[in-house]
Structure formats: structure tokens, C-alpha cells
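The values are calculated or read from the model by the stated rules, or taken from the named source; none is laboratory data. Because the structure is a prediction, the values reported are computed rather than measured. Note: ideal-geometry Cβ built from the backbone for every residue, glycine included; neighbour counts use all protein chains shown. Keep in mind that these areas ignore ligands, DNA and RNA; they rest on the heavy atoms of the full protein, side chains included. Shrake-Rupley method; radii C 1.70, N 1.55, O 1.52, S 1.80 Å.
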Amino acid sequence: MPDETPESNNSNSPRNKRPERSQRDPGGQEPQFNWRGLLLFAVAFALIGGALLFRGNSLVSTDEITLPKFENLLKEGKIVSTQEKPLELVIEEGRNTQYLSGFYRKKAVPPATEEIPTPFKTSVYMPFNGTTLEKQLAAAGITPNVRPESNMLASTILNILPILLFLVVLYFFFRSQIKMAGRGAMNFGKSKAKMLAREKNQITFKDVAGVEEAKEEVQELVEFLRDPKKFQKLGGRIPKGILMIGSPGTGKTLLARAIAGEADVPFFNISGSDFVEMFVGVGASRVRDMFEQGRKSAPCLIFIDEIDAVGRHRGHGVGGGHDEREQTLNQLLVEMDGFDAQDGVIIIAATNRPDVLDPALLRPGRFDRQVTVSLPDVKGREEILRVHAKKVKLSEEVNLSLIARGTPGYSGAELANVLNEAALTAARKGQKAIEQTDLEEARDKVRWGKERRSMAMSEQEKTSTAWHEAGHALLNVVIDHTHPLHKVTIIPRGQYLGATMYLPEGDKYATQRKEALAMLVMTMGGRIAEEMFTGDVSNGASGDIAQATKLARRMVCEWGMSNLGMIRFSEENEMVFLGRDVSRAREYSESTAQQIDAEVKRLIDDAYRKATEILEAQKEKVKLIAHALLEFETLEGSQVEDLINLGYMKNPPVIAQKPPPLPPPPSNTPGAETSKPIEPDFPTGGLAAPVPA
């Protein structure tokens, strides 16, 4: 985040006058522990245990005695039968069980000798032993009182109460989950747009660099929302929609978050893929609900990221259109500028595929303004690096302007990745700060891949790669209209066994014909040098062939840089829209296609012939570069220029390993007698400047 400034601390600044937003993102709240449910759960278990305990034990201790023991006590005359303590025969209604309840004389706890009346309970089964029991009672002179007892209600309650308590506890414990499940089941048509809380978004326009024109256009929108009368005095109206277009990584979503950080109005954000669901009609319903929420909070901003997921051209696509997606798009069109559209809801959308969007979505009245978020220039790259450099620790010797000049064509995301990779590299080395060499290595790693020094290459492959890259490097230096050579290496990097890297001096927005022809010549150098010095070719030039073919075809079909004249023979875009491009018919004849193929071949053949002539004339210098690559593995552009112009390097790199000898070419190869490795005039093992006498 940027450092605090007096302006940001000013209590009268517009940002501090903004009302506090009471709405919070439901998805952003942290889950809270359900203490109430846990307490109810514990109480329920206590009640269940108490009920079971009460069911099994009465308040007064009663002895359970068997029927034979009762008969013995009856014979001994220890059964009490008085008016206050009668013997009762209890009959349980609804059940075939009875029991005798009363008191018998029992000795107290020693050393006491007297007998005290003690309650007892004896289970009997009258249909089986009723006659015998009646005779014994009659012989003892005891007539039991018959008492019916109905405990079905209590028994039922005691049986059902634990289950009811358990269900109640489950309900309270999972009440929030039940509510969420009900809301999810019944609210498929509700919008998934989330209001961005101000306290969660601290990004402002100060954190967005390198896209000044885009910032001015969206900042004008924020100012309009803050003071609409300033613009309405002249009859101006607020734009209904702004479409941000740009390559991936240029900062479209970051710019939208900065708008949210600066605006005084509610800000809703949603992704284009959140509209379409597996249920028919859900997408259109969510669009309606989203605009309904917006109208309730008007004026407000709604940001739709990746709008191409829902705004694709209607009627295109293999197999016909997608009805559900088209219904969603139709509803979006109506809500943005339909019969009963209302002001106050502003749509900001972002996409990197504007070619697939429906024309009805792009017309004024819906998206009134299209903001192009382009790749940053050298000044913008430096600003972006300085913004991201606040989050890392840089050495005092680091020159970010030098890194900015050496990263043409890098997007904001790539520049942020460069600093992150440099920080990781410095941490692995145990450094206290990021050095300039770390940034340069990170720059090459982000664009061309990481060096794969552990990759096992045979000496033959390494030698062939050295000749290949030497051919590229020499042509890049000696011919005109090429970009300056940055680095050449035979260390595998990314998916390549070797690489010749060049960087333009500044930002390039157009390609000249001489530059394109020079690029073709330089691309041919690798294959020619391989064949010239090894007598064989490999598949290492497949990438060069593809690059040269694509460049030559664009020169003929799109740029009018051939003998066929100023005619465009291709309607292809760099981004293919399947379904529209498949059905498109070719707009030129078969004979014209043959002329195009012949012209492409002529451009490549001319470049091959010119590259061969230059390499034949500069064969000794190619050998010097190849020797140096085998010795040092990586050469800077200035070191290659020294080898070509001086025959030695003023500042040679540190020797990585002892160079293997170059194998002689086959004897049956034409020109073999001239292709033997030439021993340099200085001692073997060093291509540095000779020591002065």
C-alpha cells in the first residue's frame, strides 16, 4: 500500500467524508462457534440421563425380593399387614404383570437387633401361581388389597421424552445450516453480486500505475458520482456502462477495485460465470435481482468481471446457440437500456475478448464508453515497478528504470511477478536485499523460462546448439534493422535447448518492412550454421521455421509487404471465435492462394539465401562465438559484439566449465576443408583480451 500522505490524513478530504457502509459481505464473516447449541446439547443429555435414572429408581429404597423368599417370609410371619401398612396386590392395566407391595420386618444394621418395617416388591403371575399364593395368604390370615395401576402415560412419556429432547437439540444445533439450506434451495434466482465493504478494500488510484488514460476516464466517472451537478450544467448525463478492454494482466480488475476504493457509492462485484446455472431461467432471474438491488442502492456501481462468459455473440457457436445464456444476455440488454430502464445503476465490465461480444451490448446507451487498458510504456513500467517495490526490500544499488527499459511488452502482472521472483531468488541465496542481478535473472525467467542446468545434454547436442545460436547471434549483430542483442545461451531454458534473446531499444507499436525482412534473415541463421559446421540438421529449428512462416504470411496477407500489392487476403483475427470463423468462406480464388504460397516461399528463400551469404563471409567469427558459448555457456550482447568487432572480449564472463573440442565436419561435406575449427591466436581456455606486453 502506498505511504500515508498529509492529504490522506486530512479530515476534510473526500474519502473521509464518505458514509460508513453498514452492509457487510455475508461471505466474508468468519464462522462463529455455536455455544448455544452446545449448551442445549449438554442439557438434553442431562435430562435424558435423569429420566432414565428416575425410571429405574424411586425416591424410597424398595427391596426387590423373589417369590420363594416372599413365601418363606410369609411362613415366618415377617410380612406386615396392618391398616397403615397393608399388603397390596397391584395389577398393571394393559399388561399381564402384577406385583405384591408392602412391608416386611427386617433386622437393622448391626449392632442393632430390632427389626424394622422395610418396603418390598415381589413380582407375581396370578394365572400361574395365583391359587397357591391365595392359600398361603389365607393360612397366614392376610387378605391383600387389590389396587389397579395405570402407568402407560408415564411410561410413554419416559420412552418418548429422550427422543424428543434429542430432536430439539439437533434442530437448535443445526438451525443455521437448515436456514442456509432452505435459502439455497429456494433462492436460485437471487443475484450472487456481493457488496464490497470499504474496510475490506484499501486499493485506490495511487496503487494503479501505467494506465494513466484509463485512470482519467474512470476517475471522471467517480467525480460524476460525487458531484453530478458539475457535469449536468452543460446537459451531460452519466454513462450507463463502461467496458474495459485489454490483454490479460494489464490491470482491469485492479482498476475496478480502485474505483470501489475511491467511490462514495455502493459497489457490487460479480463474475460473468455466476449468472448461468444448471436450471433454466436462473441467469435471467439473477440479472433482474441484481439490477433490483442496484436500484434500491442507486446511485451505485456494478462490476461484472469476464463479461464474455455471458455476453457472447448470439447465434454463433458450433451446433447453434445456447438458449439459457441467450436469455441471460437478453435480460441484461433490457435492464441496461430497455423500455423501463432507470438511471442510477452504472455497469463496469471487463473482458480480454471484445471480439466475441454481442454488438447489441457494445452500442452507446448500454456501454457508452470503451476504455482500453493497454500494455504499459517504459514510464508506466517504471511506475508499476515502484508500486510493487514497496512490498519488497531492494538494495540501494538497484536501478528500476534500467529494468523498465529492459522489459518492453511486459504487462503489469508480469512486472509484479518479476519482483516476486527476484525476492524468492534473493531469499534462496540468503541475501538481505534484492540485487540488480536478481532482477535481471527474474526478468529472463518470467519471459523465457528458468535455466535447466540439470538437464543432461550430450556433447554432440551441446555443440550443435552452440553452432545454431552462434548463427543467430552473428546475424542479429551484423545486419541492420534488428533489435539489439540481449543475451545468447546454450543452457536449456524453458522448452528450448538454447536461446538468442533480443530486446528492442524502446516500446514498439509498429513493424517496418525492413525490420520484418531482417527478422526473417536472422531467423534463418540457426539452421544454416548447423548445416554449415556439422554437415547435418536437427529439429532444433522447428520453432524458427514456424516463426518465419507466420511472419512471411502476415507480410503477404495482412501488411501488403509483397509483390501482390495492397490487398488483404485474410480476415483472421489473432483471437479465434469458433463457430464464426469455421463458417466463414475464403474470399479469394484458388489461383490467388497459389500466388500467396509462392510469395511466402519467395520471401523465406530470399532470407535464407542472404543469411547463407553473410554466414559464409563471417565464418571465422561464427566459430569464435561458438567457442565462447561452449566455454562460458552464456554471453551478453556486448560480449558477442566484442568477439565480432575485436576478436576478443573486454569483460569475459566467469568460466563455467572447460570447453569440449569442436568435432571436425564429415569428410564428404562440401567445403569441409574450410570448416575445420580455427585455433585462436590467444592461449586456449580464454577468449578474453590479450595481456599487453
Cross-link pairs Lys462/Lys601; Lys429/Lys450; Lys206/Lys379 - those with Cα-Cα distance over 21 Å: Lys462/Lys601
Whether region 349-436 is rounded, prolate or oblate, judged on the alpha carbon gyration tensor where a/c under 1.5 counts as rounded: prolate
Extension reserve of the Glu515-Met566 stretch, reckoned as 0.36 nm per residue once the Cα distance is removed: 16.5 nm
Highest-first arrangement of 615-621, 230-236, 510-516, where packing means the average Cβ count within 10 Å: 615-621, 510-516, 230-236
Links that overshoot a 22 Å alpha carbon limit, given the list Lys623/Lys650; Lys393/Lys650; Lys391/Lys445: Lys393/Lys650
Gained length - Ser638 relative to Gln460, 0.36 nm times residue gap less alpha-carbon distance: 61.4 nm
R0 of 30 Å, Cβ-Cβ distance Ala427-Gln495: FRET efficiency to nearest 0.05: 0.65
Isotropic mean projected area of the C-alpha convex hull, region 384-426 (nm²): 2.9
Per residue value of the accessible surface for region 388-514 (all protein chains in place, 1.4 Å probe), Å²: 50
Ordering of 248-259, 530-541, 419-430 by burial proxy (mean other Cβ atoms within 10 Å per residue, highest first): 248-259, 530-541, 419-430
